[in-house]
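Notes follow the structure.
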Amino acid sequence: EMAPMGLKRNISLKFLNQTPEHHSVTFDASLFRLAVKQVLANAIGFSNDGAVVDIAVYPTGESTVLEVKDYGGGIKDEDKEYIFDPFFSTRAHGTGMGLAIVERVVHEHMGRIEVESEFGKGTTVRIILP
């Protein structure tokens, strides 16, 4: 679903699955798809043309992590505390609902979300599910 958005700007998605063959996680497929789509849309949207977005899935103890890393502009320090607030956006036409929805979906699945970002160097979003 994200291919047209990335292809238009020559952005590559690199996927690495590090989960064991018989590893499973229970989640609502439509809600989780919505959350992942939003995280990928942000990563693609904030990436420079021709960039790579890294996506990885891996186990950590009792959890499974979906990690999306972009190498775009990153998040300014003064904006970091607001990224999950509804209606907060740094884009001219953004609604500010993206990460607010992602956070809600992740919490509904008893998970957590972590965001690491360095302004000018990119952002990593981790969705951690039990």
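Values as computed for the structure displayed
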{"item": "Solvent-accessible area, 1.4 Å probe, carbon plus sulfur percent, for the chain", "result": "53"}
{"item": "Per residue, in Å², the accessible surface of the chain once ligands and nucleic acids are set aside, probe 1.4 Å", "result": "62"}
{"item": "Percentage relative contact order, the chain, counting C-alpha pairs under 8 Å, at least six apart", "result": "26"}
{"item": "Extension gain from Leu16 to Arg33, taking 0.36 nm per residue of separation minus the Cα-Cα distance", "result": "4.4 nm"}
{"item": "Cross-link partners of Lys76 among aspartates and glutamates (Cα-Cα below 20 Å; sequence separation of 8 or more within a chain)", "result": "Asp85, Glu103, Glu114, Glu116, Glu118"}
{"item": "Heavy-atom accessible area ranking, 1.4 Å probe, most first, across Met110, Met97", "result": "Met110, Met97"}
{"item": "Fraction of beta bridges assigned by DSSP in the chain that are antiparallel (%, nearest 5)", "result": "80"}
{"item": "Low-density loop cleavage sites - trypsin sites (Lys or Arg not before Pro) in the range 7-49, where at most 16 other Cβ are within 10 Å (DSSP)", "result": "Arg9"}
{"item": "Calculated FRET efficiency for the pair Tyr82/Thr60, C-beta based, R₀ 22 Å, to 0.05", "result": "0.20"}
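The values are calculated or read from the model by the stated rules, or taken from the named source; none is laboratory data. These numbers were taken from a predicted model, which means no experiment stands behind them. Cβ sites come from the backbone with ideal geometry, for glycine too, and all protein chains shown count toward neighbours. Areas reflect the complete protein model, heavy atoms only, side chains present, ligands, DNA and RNA absent. Shrake-Rupley method; radii C 1.70, N 1.55, O 1.52, S 1.80 Å.
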